[in-house]
Amino acid sequence: MADKPLLHEKLTTGAELLGGSDFYQKNIPDCIASNLNPNFQLRPYQFEAFGRFKYYMESYHSRPNNAPTQALYHMATGSGKTLIMAGLMLYLYEQGYRNFLFFVNSTNIINKTRDNFLNAIASKYLFSETVQINNHQIRIKEVDNFQAANPDDINIVFSTIQGLHTRLNTPQENSITYDDFESEKIVLISDEAHHINAETRKTKDINQAELFDLNSWESTVNKIFNANNQNILLEFTATADLTNEQIIEKYRDKIIFDYPLKSFRMDGYSKEVKVLQSDIQPIDRALQALLLSQFRRKIFEKHGWMIKPVILFKSKTIKDSNAFFDEFMTKIKGLKESDLAKIQSNPNLDSNLEKVFYYFQSNQITLENLALELQEEFAENKCISVNSKDESEQKQIAVNTLEDSDNEYRAIFAVDKLNEGWDVLNLFDIVRLYDTRDAKKGKPGKTTLAEAQLIGRGARYCPFRLENDQPLYQRKYDILNDEKEHDLKLCEELYYHSAYNPRYIQELHTALEEIGIKAKTSLECKLFLKPGFKDKSFYKAGIIFKNERIKYAREDVLGLNASFIETIHKTPLLSGYSQSLTVFEDEKQKQANKKQKDYFIKSFGSSVIIKALSKFPEYQFSSLKRFFPHLKSLSEFIESDSYLGKIRIEVEGSEIVVNNLTQDNKLDCVVRLLDKLSSQLQAEKIDYKGTKEFKPFMVKDTFTDKTLNIVNDGNSDQEFGIAQGETTNQDLYMDLSAKDWFVFNENYGTSEEKYLVKYIDKVITQLQQKYSEVYLLRNERHFKLFNFDDGRVFEPDFVLFLIKDDISPVMHYQVFIEPKGSHLIKQDEWKHNFLMQLKAEHKIEQLWKDRNYIVWGMPFYNETDTKPEFEKEFSVLL
């Protein structure tokens, strides 16, 4: 059984057969994207999560029939599980579900989720301003039970697991009962779902009283789930114990999507985690965190972002936490210049703290003024303790809205009330105020694992960007150009401050690797241009051409897509035909006599079309103008041949119905046509385009020395991060130090990138016979290009410069090359298409009489799959 694949693995394999690794991402229900809050831009893995569920529900051949459906989403903390819940509720409403039961083990999470689902003015409200499904506006309401719920609404019951068990087994008036689940199909949504698996994972670590309670809760959930064979149970957790054989067997055919913390971090959606251990008193450790926090605030403000960094002070017990709170406030109120000078004078001070002090000094902020600043920023009214049950209930909203502009809290003091369900993006420092270990036989204990999970929760990325073409929710400074980026790198890191305890730190690193928030291998590699290249005139005066991304105003759109206008859109009508058959007798079934007839929808009259248009918010005139900037009126949209005026539908039904359409028939036909058109308009919606005009930039300004921060978890290409002159793979090894045509000191790229360099080395003699100068430069985020069609950012791995000076004018070729792993060729097909467009479609204003510049793109380079195609195109250069 251990070798039998899990459901998510089967779906991943199936995607390749269905149309490529991005099959699910391309097939999400329209009702999801159009009804979620547009402020939460969907990420690729979230598209994947939705598309998988749609395929599983509608097409997956092994989904159980005549039985309830159960699916588990195993997704990293911070990856947007609640947003996935909201999107699935919209999809399931469209599939006929109206009643949703949300349950979790914590009241705090209930309150936070209720706000996210119901409070339209909350900063984390998940739905769009208006929710519209199948042309009807939908309300989202909280109810106590489902018996009197409105069948047109999304009805949600919120409950803790414990409360649900109590309410169902000791029913009260107007409360939810087992009867609610027998006559109605229900969607059960379980957050932090690992808490309901007590029966599955009976272990020695659970005492008998806890086991009895947990068994009761799991039994209650199972009883609800099995009450109706159309029920659906959606489970969400970041911490399913997939090493437990019982858990694996229970969920083998139920884990629909697995997106662990490791993937989340590798995709750049988390902060990087740094552990700063200091052999100093806890209060001095706290002051170090304050200095880093205030530095980050200054850096954010310098770049125009009003982001307030937050610190968590974590104690072992509530008594310790309260005592440290008092000590901290006493220290802050009496903070002096000498306290900060003591930290600065430490001969073993961490290099980042040295940079912090240097920054304050170079910006004329004296230690005296800094002390006054910290007294103001961390005054008692800006610190919050969340320890006792009553206290944390009252303050839960505050700690869940720490990013809001009107929330001034800078420091949180806690023991473990924030271990689950805490959503915070602007946490940058966690200070561990105790120095204990609980490892057994070299393995991290429960406390250390819980600390690692807290770090994972705090490592959610705090969104910011300096340029519009940078991703908002992903790290941008893993590769560093200059001191400015070093400063910003600190704003992409979470610091965990602990006592100096090497054995504990080793155990913590092991725990962090286990949960995936820390890479097993982390390297800092220096990349620099060879001195000989910097002496060349090409470096000093050479040019690289790049295009730009521009806002697409759709000025070239003068009407509907011609293919949509020219298509005859088939619209079947209900015929009213019926026929009775005798069971067990072989009667010949008669076919209904159906007729087809074409109509221009304009012939139905403007009143019918206007009524149909009014059912879709996207057909309001203000919305239509965004798609069609030249449109002058709604009448033009209805009458003009460039819009609806020439659109025909083929109506199919009984002859009498087809020839005598009622107003309702006409309205139904137009609504269906407009719904189809709406999907096409959304698919064609493009915010940006890449210019075909390429502009010149200096090579010396574009290509600079860098520091590469390279992580490898063992799942990445094993060559990534290894210098080509140090690899043990003899097929890839090459000493680049004497290769003048390779202008950087080393190549730390993947195996395919190293194969490409080997290929260029093989043909370098031919190139140098034809061209006077040949330079291959690896693009370590030195420059970006933008896809012509939609403005997507593309950073080709290499650019090859070729100069031919034995003709007039001198020819300068700039050739973009992208080595690509086999598993990514299909997924990144748009990049290949863009490269193939470059030669014919790029435009350069040739301002030089003595030289011409040409931009070229090559097919993907892959040593086994695409090399013949690459060599054929490359031979033109030879």
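Considered as a group, the residues in segment 17-42 that are touching a residue at least 60 places away in the same chain (Cβ under 8 Å) and open to solvent by 40 Å² or more (accessible area, probe 1.4 Å) include one that is farthest from Lys124 (Cα to Cα), and that residue is Asp30.
Taking the criterion of being assigned to a helix (DSSP H, G or I) and within 30 Å of Phe628 (Cβ to Cβ), the residues of segment 534-568 that qualify are Ala562, Ser563, Phe564, Ile565, Glu566.
Taking the criterion of being in contact with an Asp or Glu (Cβ under 9 Å, 6 or more places away or on another chain) and either part of a loop (DSSP other than H, G, I, E, B) or over 12 Å from Glu863 (Cβ atoms) (or both), the residues of segment 746-762 that qualify are Glu746, Asn747, Tyr748, Gly749, Thr750. Applying the condition of being in contact with a Ser or Thr (Cβ under 8 Å, 6 or more places away or on another chain) and of a type in the set (Val, Ile, Thr) to segment 696-715 and asking which residue is least open to solvent (accessible area, probe 1.4 Å) yields Ile710. Scanning segment 83-98 for residues that are at pLDDT 95 or above and outside any loop (DSSP other than H, G, I, E, B) gives Leu83, Ile84, Met85, Ala86, Gly87, Leu88, Met89, Leu90, Tyr91, Leu92, Tyr93. What residue, among those in segment 433-445 that are open to solvent by 80 Å² or more (accessible area, probe 1.4 Å) and either without any contact (Cβ under 8 Å) to a residue 24 or more places away in the chain or among the aromatic types (Phe, Trp, Tyr) (or both), is farthest from Phe325 (Cα to Cα)? This residue is Lys441.
Residue pairs whose Cβ atoms lie under 6 Å apart, separated by 6 or more positions or on different chains, with the first residue in segment 376-400 and at pLDDT 90 or above and the second β-branched (Val, Ile, Thr) and open to solvent by 20 Å² or more (accessible area, probe 1.4 Å), do not occur. Taking residues in segment 650-670 that are farther than 13 Å from Lys570 by Cα, and partners anywhere that are open to solvent by 30 Å² or more (accessible area, probe 1.4 Å) and polar (S, T, N, Q), the pairs with Cβ atoms closer than 8 Å and at least 6 places apart or on different chains are Ser654/Ser575; Ser654/Asn593; Glu655/Asn593; Val657/Ser575; Val657/Asn665.
Within segment 311-330, how many residues turn out to be surrounded by fewer than 18 Cβ atoms within 10 Å (Cβ to Cβ) and under 41 Å from the mean Cα position of the chain (by Cα)? Within segment 311-330, residues that are surrounded by fewer than 18 Cβ atoms within 10 Å (Cβ to Cβ) and under 41 Å from the mean Cα position of the chain (by Cα) number 10. If you go through segment 43-62 and keep only what is at pLDDT below 90 and either surrounded by 11 or more Cβ atoms within 10 Å (Cβ to Cβ) or small (Gly, Ala, Ser) (or both), you end up with just Ser62. Working only within segment 167-185, note down all residues that are assigned to a loop (DSSP other than H, G, I, E, B), at pLDDT below 80 and among the acidic types (Asp, Glu). Result: Glu173, single match. Taking the criterion of being surrounded by 14 or more Cβ atoms within 10 Å (Cβ to Cβ), touching a residue at least 24 places away in the same chain (Cβ under 8 Å) and polar (S, T, N, Q), the residues of segment 159-194 that qualify are Ser159, Thr160, Gln162, Ser175, Thr177, Ser190. Quick test for you: out of Glu684, Glu693, pick the one residue that is open to solvent by 10 Å² or more (accessible area, probe 1.4 Å), in contact with a Lys or Arg (Cβ under 8 Å, 6 or more places away or on another chain) and of a type outside the set (Val, Ile, Thr). So the residue among Glu684, Glu693 that is open to solvent by 10 Å² or more (accessible area, probe 1.4 Å), in contact with a Lys or Arg (Cβ under 8 Å, 6 or more places away or on another chain) and of a type outside the set (Val, Ile, Thr) is Glu693. Tell me the residue from Leu188, Leu164 that is more than 32 Å from the chain's Cα centre (by Cα), of a type in the set (A, V, I, L, M) and at pLDDT 80 or above, please. Unique residue meeting the criteria: Leu164.
Contact map, segment 823-851: first residue without any contact (Cβ under 8 Å) to a residue 60 or more places away in the chain, second residue in a helix (DSSP H, G or I) and surrounded by 15 or more Cβ atoms within 10 Å (Cβ to Cβ), Cβ cut-off under 8 Å, separation 6 or more or different chains; pairs are Ile825/His832. Only one of the numbered conditions (1) surrounded by 13 or more Cβ atoms within 10 Å (Cβ to Cβ); (2) free of Cβ contacts under 8 Å to residues at least 40 places away in the same chain is violated by Ser345, and that is (1).
Rundown of residues vs (1) part of a helix (DSSP H, G or I); (2) open to solvent by less than 40 Å² (accessible area, probe 1.4 Å); (3) on the phi > 0 side of the Ramachandran plot, yes/no style:
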position: Asn468; (1), (2), (3): no, no, no
position: Arg475; (1), (2), (3): no, yes, no
position: His486; (1), (2), (3): yes, no, no
position: Tyr495; (1), (2), (3): no, yes, no
position: Arg503; (1), (2), (3): yes, no, no
position: Leu508; (1), (2), (3): yes, yes, no
position: Glu514; (1), (2), (3): yes, no, no
position: Lys526; (1), (2), (3): no, no, no
position: Gly532; (1), (2), (3): yes, no, no
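Filtering segment 127-158 to residues that are open to solvent by 60 Å² or more (accessible area, probe 1.4 Å) and modelled with pLDDT of 90 or more leaves Arg139, Lys141, Glu142, Pro151, Asp152.
Figure legend. Inter-residue proximity from segment 251-271: first residues over 14 Å from Gly516 (Cβ atoms), second residues of a type in the set (Gly, Ala, Ser) and buried (at least 17 other Cβ atoms within 10 Å of the Cβ), beta-carbon distance below 9 Å, spacing 6+ or different chains. Indicated pairs: Tyr251/Ala240; Lys254/Ala71; Ile255/Ala71; Ile255/Ala240; Ile256/Ala49; Ile256/Ala71; Phe257/Ala49; Phe257/Ala71. Scanning segment 635-681 for residues that are touching a helix residue (DSSP H, G or I) at 6+ places or on another chain (Cβ under 8 Å), hydrophobic (A, V, I, L, M, F, W, C), open to solvent by less than 30 Å² (accessible area, probe 1.4 Å) and assigned to a helix (DSSP H, G or I) returns Phe637, Ile638, Leu667, Cys669, Val670, Val671, Leu673, Leu674, Leu677, Leu681. Checking Lys124, Lys112 one by one, the residue that is closer than 24 Å to Arg43 by Cβ, open to solvent by less than 60 Å² (accessible area, probe 1.4 Å), modelled with pLDDT under 90 and outside any loop (DSSP other than H, G, I, E, B) is Lys112 and no other.
Candidates in segment 445-489 are the residues that are polar (S, T, N, Q) and modelled with pLDDT of 80 or more; of these, the one that is nearest to Asn400 (Cα to Cα) is Gln453. Confirm whether Leu466 is in contact with a Gly (Cβ under 9 Å, 6 or more places away or on another chain) and among the aliphatic types (A, V, I, L, M). Here the answer is yes, as Leu466 does meet what is asked. For segment 815-847, the set of residues classified as among the charged types (D, E, K, R), open to solvent by 80 Å² or more (accessible area, probe 1.4 Å) and more than 20 Å from Lys695 (Cα to Cα) consists of Lys826, Glu829, listed by residue number. Residues that are surrounded by fewer than 17 Cβ atoms within 10 Å (Cβ to Cβ) and either more than 27 Å from Asn779 (Cα to Cα) or touching a Pro at 6+ places or on another chain (Cβ under 6 Å) (or both) within segment 534-553 comprise just one, Ala553. Residue check: Phe117 meets all listed conditions (1) closer than 20 Å to Glu403 by Cβ; (2) among the hydrophobic types (A, V, I, L, M, F, W, C); (3) open to solvent by 60 Å² or more (accessible area, probe 1.4 Å) but one, namely (3).
The values are calculated or read from the model by the stated rules, or taken from the named source; none is laboratory data. This one's a predicted model, so the numbers in the text were calculated from it and none came from an experiment. In this analysis, Cβ positions are derived from the backbone assuming ideal geometry, glycine residues included, and neighbour counts consider all displayed protein chains. Please note that ligands, DNA and RNA were not included when accessible areas were found on the heavy atoms of the full protein model with its side chains. Shrake-Rupley method; radii C 1.70, N 1.55, O 1.52, S 1.80 Å.
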